[in-house]
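Single-structure report; data block below.
The values are calculated or read from the model by the stated rules, or taken from the named source; none is laboratory data. Keep in mind that what you see is a predicted model, and the values were worked out from it rather than measured. Ideal geometry is used to build each Cβ from the backbone, glycine not excepted, and the neighbour counts take in all protein chains shown. Just the protein is used for accessible areas: all its heavy atoms, side chains included, with ligands, DNA and RNA removed. Shrake-Rupley method; radii C 1.70, N 1.55, O 1.52, S 1.80 Å.
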Amino acid sequence: MSELLVDFITSLDGYASGEGWPGFWGLEGPEYLAWLGEQPEVTYLMGANTYRLMSGFASGEVPKGQDEFRPEEEASVDQLTQASKVVFSSSLEEPLTWANSTLVRDDAVEAVRAMKSSRSGLLSTIGSLSLSRSLLRAGLVDRFRVVMFPVITGATGEERIYDGYPDVALEMIEHRTFDGRIQLVEYEPRVLEHPPLGTPA
């Protein structure tokens, strides 16, 4: 049976990106990059918007506000190109041009439920805020990981991650600091039907 990870990189105030900022907010360091390179093989899950954005980067489109990719960004995109990817969309057309990408038109929640029961290995979202929210709400997420970069993007932040989420209890299973400034926290999530009553034991 597969394990499902929702994996976000965020600003401290919970934005997935910021207008005019480079990838990783320009704050990645050698420890963090080395950790990225050590990650196990994974099948990435994404929606149409993330696919369009990331496949554009893979084909050479540079993010708005940049003249060229930094080496760290190129390495990240190259890793994604080599990885297996499942794209959930009713608007994209086959064949998908980004290597190692499979298009699924079925309901994403039911498709991922079937993938979890029939496969082994790790499934992980990348970006895809609405997909991640739907999978969490359906109780399919085994681990919820956030890597927070030390920046507040109150004026330029885009893609608020947690809008529309249910209440979720989080039990910490991992935490780590990279390069003295980047904080990883990882949890087992439990969706709540209502706020807990009384004081936690």
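Each Lys or Arg adds one and each Asp or Glu subtracts one; over the other residues with Cβ under 12 Å from the Cβ of Ala111, this totals +1.
Applying 1/(1 + (r/R0)^6) with R0 = 30 Å to the Cβ-Cβ distance of Arg52 and Ala155, what FRET efficiency is obtained, to the nearest 0.05?
Once the sixth-power term is evaluated, E becomes 0.70.
With each label modelled as a point 7 angstrom along the Cα→C-beta vector, the Arg70-Gln39 pair spans 1.7 nm.
In order along the stretch 68-83, the phi-based Karplus estimate (6.51 cos²θ - 1.76 cosθ + 1.60, θ = phi - 60°) of 3J(HN,Hα) comes to 7, 6, 7, x, 5, 5, 4, 5, 5, 5, 4, 4, 5, 4, 6, 7 Hz; Gly and Pro are listed as x.
Divide by every residue of the chain the summed helix terms, -39500 (n - 2.57) for each DSSP H run of at least 4, and state the resulting mean residue ellipticity at 222 nm, rounded to the nearest 500 deg cm²/dmol. Walk me through the numbers before you get to the answer.
Details: 5 runs with 51 residues, N = 201.
Computed ellipticity for the chain at 222 nm equals -7500 deg cm²/dmol.
Please work out the FRET efficiency for the pair Arg119 and Leu197, using the Cβ-Cβ distance as r and a Förster radius of 41 Å; give the result to the nearest 0.05. So the FRET efficiency works out to roughly 0.60.
In this structure Met172 has an accessible area near 90 Å², from a 1.4 Å probe over the protein heavy atoms.
Could you look at the stretch 21-128 and say what percent of its accessible area is carbon and sulfur, using a 1.4 Å probe and all protein chains? That fraction is 50 percent. Accessible surface of Val191, taken over heavy atoms with a 1.4 Å probe and every protein chain present, rounds to 50 Å².
Taking label positions 7 Å along the Cα-Cβ direction at both Val62 and His175, the computed distance is 4.0 nm, reported to one decimal.
Would you mind getting the Kirkwood hydrodynamic radius of the stretch 61-201 from its Cα pairs, rounded to one decimal in Å?
Numbers: mean 1/r = 0.0552 Å⁻¹.
Hydrodynamic radius (Kirkwood, Cα only) of the stretch 61-201 equals 18.1 Å.
The stretch 106-126 and the stretch 13-71 have Cα centres lying 23 Å from one another.
Using a simple spin-label model with pseudo-atoms 7 Å out from Cα toward Cβ, Val109 and Arg190 lie 2.1 nm apart.
Taking 35 Å as R0, compute the FRET efficiency from the Cβ-Cβ separation of Ser90 and Val168 and round it to 0.05.
Numbers: r = 27 Å, r/R0 = 0.78.
Efficiency, rounded to the nearest 0.05: 0.80.
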